[in-house]
1. Given springs between every Cα pair under 10 Å in a Gaussian network model of chain B, which of B:C216, B:C29, B:C202 has the largest fluctuation?
2. Put a dot 7 Å past each Cα toward the Cβ at B:E78 and B:K239; how far apart are the dots in nm?
3. Cα-based Rg of region B:71-222 per 2.2 N^0.38 Å, rounded to two decimals?
4. Looking at chain B as a GNM with Cα springs under 10 Å, which of B:A209, B:A103, B:A64 has the largest mean-square fluctuation?
5. Hey, what did region B:79-290 get for relative contact order, percent, Cα under 8 Å, at least 6 apart?
6. What percentage of all Cα-Cα pairs in region A:53-96 are separated by more than 14 Å?
7. Return a whole-number percent for the relative contact order of region A:91-198, with Cα pairs under 8 Å and 6 or more residues apart as the contact set.
8. Pop the C-beta distance of A:V46 and A:V187 into the FRET formula with R0 = 56 Å and round what comes out to the nearest 0.05.
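Since every read-out is calculated from the coordinates, none of them should be taken as a lab result. Everything numeric here is computed off the predicted structure, so don't read it as measured data. Methodologically, a virtual Cβ is constructed for each residue, glycine included, from the backbone with ideal geometry; neighbour enumeration extends over all protein chains shown.
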Amino acid sequence: MRKNLVGYLFISPWLLGFFVFTLGPFISSVALSFTRWDIVSAPKLVGAANYRALITNDPLFWKSLWITLKYAACAVPIGVLAGVLLALLLNSKVRGIAVYRTILFLPSIVPAVASSVVFIWILNPQIGLINGLLKRVGVVGPAWLADTKLAFPSLVLMSLWGVGGSMVIYLAGLKDVPVYLYEAAIVDGAGPFTRMRKITLPMLTPVIFFNLVMGVIGAFQYFTQAFIMTSGGPEESTTFYALYLFNRAWRYMDMGYACAMAWILFLIIVVITAFLFRTQKKWVHYGG
Amino acid sequence: MRNRRFRIGAQSLTPIQSFGIHGALLCLCIPALLPFIWMLSTSFKLDSDIYGSSKAGGAVVSLASLIPHPFHPQNYPEALKTVPFATYLFNSLGLCATTILGAVTSSAVVAYGFARVQFKGRDFWFMVMISTMALPGQVTMIPQFAVFRWLGWYGGYLPLTIPAFTGAPFFIFLLTQFFRTIPAEMAESARLDGAGEWTILCKIVLPLAKPALATCALFQFLGTWNDFMGPLLYINDPKKYTLAYGLQQFYSSYDGKWAQLMAAATLFTIPIIILFFFAQKTFIQGVATTGGRN
């Protein structure tokens with residue numbers, strides 16, 4: 001009895017925060033998604049009108065969803081591939097490997113706001129770094145962030161600059177591969193490629209899976225870079241889902257509509273995550 | 001502990017292979033470092049130098065053009081004058097100190113409850129806590145805003161600091177795992193001497209958990225320092241801007257002042273890089289265990 005009291009007393013700070021800042025808002029956002037609300041006046045019940053409008057009458061909703069899915073489907077796998085390759089390179093034993101690791105990790109700790117303004121400058125069409133380098137080889141560079149076709153790939157490319165963060169996770173995963181597996185493989189006469197295919201990659205799949213799930217969830221919350229660098233443009237080509245939701249809420253004061261969007265986002269994340277977990281059995285390798 | 005000789009390729013690297021690996025890594029270091037170099041080099045240039053060479057419709061970048069000539073460090077004091085970055089720095093540091101204090105102490109207390117006290121429903125609440133980590137912020141963002149507005153906290157720092165005092169799930173998780181590794185016998189003998197749970201936490205567990213607490217403090221620092229959404233939603237008074245928000249505001253209101261903008265971006269990034277060099281191990285271990293969530 002006393003134990004219970006003591007236990008709840010210890011977790012009470014979190015419990016309080018959970019009810020006030022998480023559970024309460026979580027439940028009320030469902031209710032709010034069925035209202036029209038500008039935050040100043042009282043919310044007005046409108047039934048499923050927000051959801052109906054989103055699905056049948058809002059091309060930008062579909063466009064932002066498509067852009068976000070596209071980002072999840074290309075930036076995330078490219079990031080996984082690049083992270084694994086970098087980690088494999090950094091796992092080799094050459095001199096000065098710690099220096100390389102530091103340099104390649106460094107970009108990932110740069111705050112998103114800072115990297116955003118630096119990349120705006122790098123991608124500046126007239127006097128930016130990239131077009132300056134292209135000019136050197138006689139190519140007139142494109143307008144990058146101001147080009148409908150290139151703004152999105154530019155953001156994907158920029159995300160690769162921060163790949164060092166996941167690289168470190170893969171590197172930790174590589175160091176956890178038991179040495180006896182390699183010893184046994186060498187005794188059995190397996191070459192470096194067989195060892196890579198049969199030992200290293202399978203042993204790395206749990207980490208890859210973790211990063212894939214986190215990456216997909218992250219894609220649906222991709223906001224800061226798009227907000228600062230393109231404001232969703234040009235021609236809404238970089239209006240990510242989270243950015244559109246933000247604009248709906250704080251630019252148009254359409255809180256009920258934005259809550260409905262948030263719930264659709266939540267359900268999509270649940271479905272995709274559940275799907276990834278189902279595929280897990282087929283390719284993720286746990287334990288020896 | 002572990003025999004490192006058998007890492008892939010470790011014992012079988014020929015000089016050609018190691019030459020190839022060096023080459024590949026060097027090639028990769030160039031794009032990793034170039035944005036830093038470009039930021040620094042621009043921050044020391046004259047605006048006329050940045051635009052001057054663009055007569056033919058675009059500047060040509062060469063190695064020489066990366067070295068600012070003439071060297072113009074005045075961009076830094078000028079940037080500080082254009083926008084009150086010193087005030088922003090002060091605000092950011094104050095917020096960081098408050099949220100670190102709040103998040104680390106409350107997370108440690110909560111984690112002790114989860115790790116060391118047997119109570120009914122403990123596993124249930126622990127599961128709930130873990131699952132809140134996967135909840136996208138957008139779902140709770142709007143009602144949370146309404147609550148803070150109703151409390152009259154809009155426009156001040158309370159919406160950015162108070163939640164920290166209710167503990168951060170990632171830190172609670174991390175610390176719970178860590179506390180469980182501390183031998184129970186130590187606490188038992190203290191208990192026989194009449195110590196309560198609170199005393200055990202403060203006198204025995206916390207001193208042993210310093211590395212884990214440091215990881216939490218570091219990640220809370222990064223989280224608050226980098227936070228853009230929080231100030232964007234809640235801060236409307238320019239005197240209260242943080243560095244992250246102030247930098248974005250600087251960019252959107254002084255378009256074209258590239259040298260000063262890069263000076264400001266450098267000032268904003270340098271503390272993180274210095275911190276990284278001091279606490280590289282904590283950084284990398286933290287990222288590897290938390291999955292780089294910051």
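1. B:C29
2. The answer from the label model is 2.8 nm.
3. Region B:71-222 yields a ratio of 1.35.
4. Checking each option, the largest mean-square fluctuation is seen for B:A64.
5. 35
6. Tail of the P(r) past 14 Å holds 65 percent of the pairs.
7. The normalised contact order for region A:91-198 reaches 26 percent.
8. The pair A:V46/A:V187 has a calculated efficiency of 0.20.
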